[in-house]
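Q: Pasting a structure below so you can have a look.
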Amino acid sequence: MPRILIVSNRLPVKITGESPAFTLQSSEGGLATGLGAIYTQHNTLWLGWPGICATDEAEQKEIGQLLAEKNLYPVYLTATEISQYYEGFSNEILWPVFHYMATYARYDTQYWDAYLAVNEKFCAALLELYQPGDIIWIHDYQLLLLANLVRKEKPAATIGFFQHIPFPSFELFRLLPWRTELLEGILGANLVGFHTYDDARHFLSACSRLLNTQSTFSTIRYQERNIVAEAFPMGIDDEKLVALTNHLTVQGHLNQLRTDFNGIRIILSIDRLDYSKGILQRLQAFDLLLQQYPEYRERVSLYMIVVPSRDMVPLYKELRNEIDKLTGNINARYSTNRWVPVNYFYRSFPLEHLSALYQQADICLVTPVRDGMNLVCKEFVASRVNHDGVLILSEMAGASKELVDALIVNPNNSREICEAMVTALHMAPEEQYRRMKQMRELVARYNVHHWVDIFMKRLVDVTNKPEQRPARQIGVFTQAYIRNRYIKSKKRLILLDYDGTLVRFYSNLMAAFPDASLLSILEELCADKKNTVAIISGRQHSTLEKWLGHLPVHMIAEHGMWQKKENGDWEETVKIESDWKQELLPILHSYTGRTNGSLVEEKSHSLAWHYRNAEKELGEYRANELISHLRYFVADMPLNILAGNKVVEVKSTEVNKGKAIEPYLSNESYDFILAIGDDATDEDMFKAIGKRGISIKVGTNRTAAGFCVDAIDDAKALLNFLPARFILTRMLDTVMKYLPYPSFIKLKR
Ligand code: GDG
């Protein structure tokens, strides 16, 4: 297991006390809570700012020792760096722009200089720790330049970058004066992760518009490297929260809350102090509730925790003042001797206290105006071990894409939030149970361990993927050489994909039957006793049989699931369970529901989502989203997700065209092997053949195949030409006989 070097602006601890008695405490905040749970369980070092500006060498040494015991390594920052890099560039420029509040941004060039300098400082500290083979995992918007700085020094390093806050749409991102540098910084990574598919899409779009990058699905081609950008929705340590519910201290807090609130229902709100969290709008909605529904006065209280954060930034100071004012105003208007409408706390609480609140609250009100993910809502769900309580969640939080059983609201619409509170206060226990059960399953399944595992697996996967050399275009001479090779050989194997290779795509799947010209090419090839011709397709076997069953061609259907035997019967070659199909079908159907013109095809051991008939842009957008969604969903299942030509297919890893042709390849007597295909599923076939045969990709030169042709007609022309008996072809053969093979066409015997 390689070492993982986590790098983030802050270490996941706070240093308290004074020299010589410093102590460490876990710190609040999404990143610390999420990764803090797992970093101790892996071979992991964590590099970051320890939260204090220790200038004294003795102090630094003492803190360094304390941290090193926990595999934590400090990067010390000066007060000016904190003010300009962290409070300035990160929180007065990047944070507002990335949270769609660009008017709050202050584009100060000094901030930029400090940002660059601190990223360089992190780079130097990281390189001191780095050993070849380590995996570097950089976190968040404070370190957008770091991946590329490291890449310049260590070109072969494995670097992942995860952004915890949203990535804005291009129209917002382009406002940044340093937009190009920032993108280039991120592109130093091999894998770039975001919480939601929309964030990943915005990033891909910014790269393509500002840097002119090419991207296919989630892979960006930039400066001769591939960078993958995908969604990895972050989870929480749900088991820890569940275990906490029985904790003695938590039970104590619970009893206290029950006594204090004695029948008064609690609406819970927990956030860091931040304008992106929609705290003021939430207070307005609560105010509206008390105005419009006086019957809730003395019956419902808002329990609002605001954790101090960035309070040195002027905007945050102002926000705090406004929250204080509005809370005071509500309390002044409605408080009675036995009831306070808003129980407001401007401080942080121990997790045990939060756990009690999560359990005791009737409603959790999470209404950020923008949030990368939001972990509070997931923590609330995990703590509801009795499957009760209602979550009201903003549609602007990344979590709303997953927790669809919450009451979803627009955080700027105080009337809607107010009505959602009323609905929640009246929600029947059965309905609460149904919604909470679904959400709990989801939170448990996609927990923080799952998040780390799949990010790491994907990082290793994308980093180790060999760079493909562009395939050679087949011209007249190459064609002639191939024919020469063909003529000289004694036993030939010709493997042909069907759709996109021999026939064009049709809107109607069943309209792609072979025309007379194709049938004649196949007949001609089959007529030669030296040839074994096999059609190897993702199509269902019944369809292939209907269209080509009368020809003496070998046939492999559903990427290898079915094979036609010598006696003409079809045989299911791989025996595997396909229970997973029932689990995935609803997901695929939900995409069909949202994408006019798309359809789901259920095969015996695979599922395909076709979007050929969908509006082009929408189809591609949804296909990417689906792939991203499925990749997360099937991470623990032995399934492959394939992006074909206008189709996304999920199938067992046991089945692919490479495996399907193994029995043929094990026959040593073939001295001429030719394979032609057009999409991702054919790549397995090309890889299996390797240098033993001639592989040809139709349509693109980014392939494992050795050669490529532009179009189906070129592939058919080649197949037509191989056995041709025209005078001219024969003359050409004679010439070719005396010319040596160029190296690229020499085949391994
Ligand atoms: C960023 C992104 C993304 C809160 N109060 C106390 C306390 N907390 C803990 C919560 C939760 C965490 O802080 C807050 O996490 P969020 O996700 O809600 O928000 P951010 O801090 O803004 O996090 C966000 C996240 O990164 C992860 O990627 O979800 O979108 O903005 O865990 O429990 N913890 C303790 N006392 C408190 O009073 N102990």
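Q: Subtracting the Cα-Cα distance from 0.36 nm times the residue separation, let me have the gained length for D579 to E224 in nm, one decimal.
A: 123.7 nm
Q: Still on this structure, I have one more. Give me the distance in nm between label points sitting 7 Å out from Cα along the Cα-to-Cβ direction at N386 and R3, one decimal.
A: Placing both labels 7 Å beyond Cα along the Cβ direction yields 4.9 nm.
Q: Can you compute the charge dipole magnitude of the stretch 583-738 about its Cα centre, using +1 on each Lys and Arg Cβ and -1 on each Asp and Glu Cβ, nothing else charged? Give it in debye, rounded to the nearest 20. Don't jump to the answer; show the numbers that get you there.
A: Values: 19 positive and 22 negative charges, 84 e Å.
That gives the stretch 583-738 a dipole magnitude of about 400 debye.
Q: Here's another thing I want to ask about it. Once phi is turned into θ = phi - 60°, what whole-Hz ³J(HN,Hα) does the Karplus curve with 6.51, -1.76 and 1.60 give for every residue of the stretch 376-384, x standing for Gly and Pro?
A: Karplus values, whole Hz, x for Gly and Pro: 4, 5, 6, 5, 4, 4, 4, 7, 8.
Q: At a Förster radius of 35 Å, what calculated FRET efficiency corresponds to the Cβ-Cβ distance of R258 and L288, to the nearest 0.05? Intermediate values should be presented prior to the final figure.
A: On the way: r = 28 Å, r/R0 = 0.80.
The computed FRET efficiency comes out at 0.80.
Q: Give the long-range amide H neighbours of V300: residues separated by 5 or more places, or on another chain, with amide H under 5 Å away, using H modelled in the peptide plane at 1.01 Å from N.
A: R265
Q: Counting only residues 5 or more places away or on other chains, whose amide H sits under 5 Å from the amide H of H195 once H atoms are built in the peptide plane?
A: Placed amide hydrogens put F232 under 5 Å from H195.
Q: How many percent of all Cα-Cα pairs in the stretch 294-440 sit more than 28 Å apart?
A: 19
Q: With each pseudo-label sitting 7 Å past Cα toward Cβ, what's the A21-R297 distance in nm, one decimal?
A: Taking the two extended label points, one gets 5.1 nm.
Q: Would you list, by chain and number, the lysines whose Cα falls below 17 Å from the Cα of K70, excluding same-chain residues fewer than 8 positions away?
A: K14, K61
Q: Could you work out how far the C-alpha centroid of the stretch 572-636 sits from that of the stretch 142-171, in angstrom?
A: 31
Q: Please give the residues of the stretch 276-314, grouped as numeric ranges, whose backbone N is less than 20 Å from a label point set 7 Å along the Cα-to-Cβ vector of N321.
A: 276-281, 283-284, 306-314, by backbone N distance to the label point.
Q: What residues have an amide H closer than 5 Å to that of L495, excluding those fewer than 5 places away on the same chain, when H is modeled at 1.01 Å from N in the peptide plane?
A: A534, L674, A675, I676
Q: For the chain, take the longest principal axis of its alpha carbons; what is the angle in degrees between that and the long axis of helix 197-210, to the nearest 10 within 0 to 90?
A: That helix lies at roughly 70 degrees to the long axis.
Q: Placing +1 on the Cβ of each Lys and Arg and -1 on the Cβ of each Asp and Glu in the chain, which of L143, I363, G658 has its Cα farthest towards the positive end of the resulting dipole?
A: After comparing all options, I get G658.
Q: Follow-up. Report, in listed order, any pair from K546/K603; K575/K646; K491/K716; K491/K603; K564/K691; K240/K651 with a Cα-Cα distance greater than 23 Å.
A: K575/K646; K491/K603; K564/K691; K240/K651
Q: Still on this structure, please answer the following. For the stretch 172-315, with only Lys/Arg (+1) and Asp/Glu (-1) charged at the beta-carbon, what is the dipole magnitude about the Cα centre, in debye rounded to 20? Could you put the intermediate results ahead of the total?
A: Values: 15 positive and 16 negative charges, 51 e Å.
For this selection, approximately 240 debye.
Q: While we're looking at this one, here's another question. Based on alpha-carbon centroids, what's the gap between the stretch 56-113 and the stretch 443-460 in Å, whole number please?
A: Here the answer is 28 Å between Cα centres.
Q: Considering only DSSP beta bridges whose two residues both sit in the chain, what percent are antiparallel, to the nearest 5?
A: 30
Q: Let me ask another. Give the aspartates and glutamates whose C-alpha is closer than 19 Å to that of K488, dropping any in the same chain fewer than 8 places away, or say none.
A: Partners found: E524, D528, E668, D671, D733.
Q: Pop out the ³J(HN,Hα) list for the stretch 556-565 in order, Karplus 6.51 cos²θ - 1.76 cosθ + 1.60 with θ = phi - 60°, rounded to Hz; leave Gly and Pro as x.
A: Working through the residues one at a time gives 10, 10, 6, 6, x, 5, 10, 9, 8, 7 Hz.
Q: Follow-up. Karplus couplings for the stretch 611-628 from phi (6.51 cos²θ - 1.76 cosθ + 1.60, θ = phi - 60°), rounded to Hz, Gly and Pro as x?
A: 10, 4, 8, 7, 4, 3, 4, 5, x, 5, 4, 5, 4, 4, 5, 4, 4, 4
Q: Turning to a different aspect of this structure: For F345 and D528 in the same chain, what is the full-extension length gain: residue separation times 0.36 nm, less their Cα-Cα distance, in nm? Mind dumping the intermediate values first?
A: On the way: separation 183, 0.36 × 183 = 65.88 nm, distance 8.55 nm.
Between F345 and D528, full extension yields 57.3 nm more.
Q: In Å and on Cα atoms, what radius of gyration and Dmax does the chain show?
A: Taking only Cα atoms of the chain, I get Rg and Dmax of 30.7, 108 Å.
Q: Which value does Rg/Rh take for the stretch 138-252 over its C-alpha atoms, Rh per Kirkwood?
A: Checking Rg against Rh, the ratio lands at 1.13.
Q: Compute, for the chain, the length of the dipole vector about the Cα centre, with Cβ point charges of +1 (Lys, Arg) and -1 (Asp, Glu) only. Units Debye, rounded to 20.
A: Values: 83 positive and 89 negative charges, 494 e Å.
Result for the chain is approximately 2380 debye, rounded to the nearest 20.
Q: Could you work out the helix-only [θ] at 222 nm for the chain, with each DSSP H run of four or more residues adding -39,500 (n - 2.57) and the total divided by the number of residues, to the nearest 500 deg cm²/dmol?
A: -12500 deg cm²/dmol
Q: Using every pair of alpha-carbon atoms in the stretch 197-312, split the distances into 10 Å bins beginning at 0 and state the percent of pairs per bin, rounded to integers.
A: 10, 21, 23, 21, 14, 9, 1
Q: Stretch K488-N464 to full length: gain in nm at 0.36 nm per residue minus the Cα-Cα span?
A: Length difference between fully extended and current span is 4.8 nm.
Q: Probe of 1.4 angstrom, ligands and nucleic acids ignored: what's the accessible area per residue over the chain, in square angstrom?
A: 43
Q: What distance in nm separates the two pseudo spin-label positions at N71 and E566, each 7 Å out from Cα along the beta-carbon direction?
A: 5.8
Q: Summarise the accessible area of the chain (1.4 Å probe, protein heavy atoms) by the percent that is carbon and sulfur. Numbers along the way, then the final one.
A: On the way: 15850 of 31840 Å².
Summing carbon and sulfur atoms, their accessible area is 50 percent of the total for the chain.
Q: Say the dipole of the chain comes from +1 at the beta carbon of Lys and Arg and -1 at that of Asp and Glu; which of I536, G160, L519 then lies farthest toward its positive end?
A: Going by the charge dipole, the pick is L519.
Q: Specify the inter-centroid distance of the stretch 475-546 and the stretch 324-363, based on alpha-carbon positions, in whole Å.
A: 73
The values are calculated or read from the model by the stated rules, or taken from the named source; none is laboratory data. Just so it is clear, the structure is predicted and the values come from calculations on it, not from any experiment. In this analysis, Cβ positions are derived from the backbone assuming ideal geometry, glycine residues included, and neighbour counts consider all displayed protein chains. The protein model used for the area step is the full one, side chains on, heavy atoms only, and it has no ligands, DNA or RNA in it. Shrake-Rupley method; radii C 1.70, N 1.55, O 1.52, S 1.80 Å.
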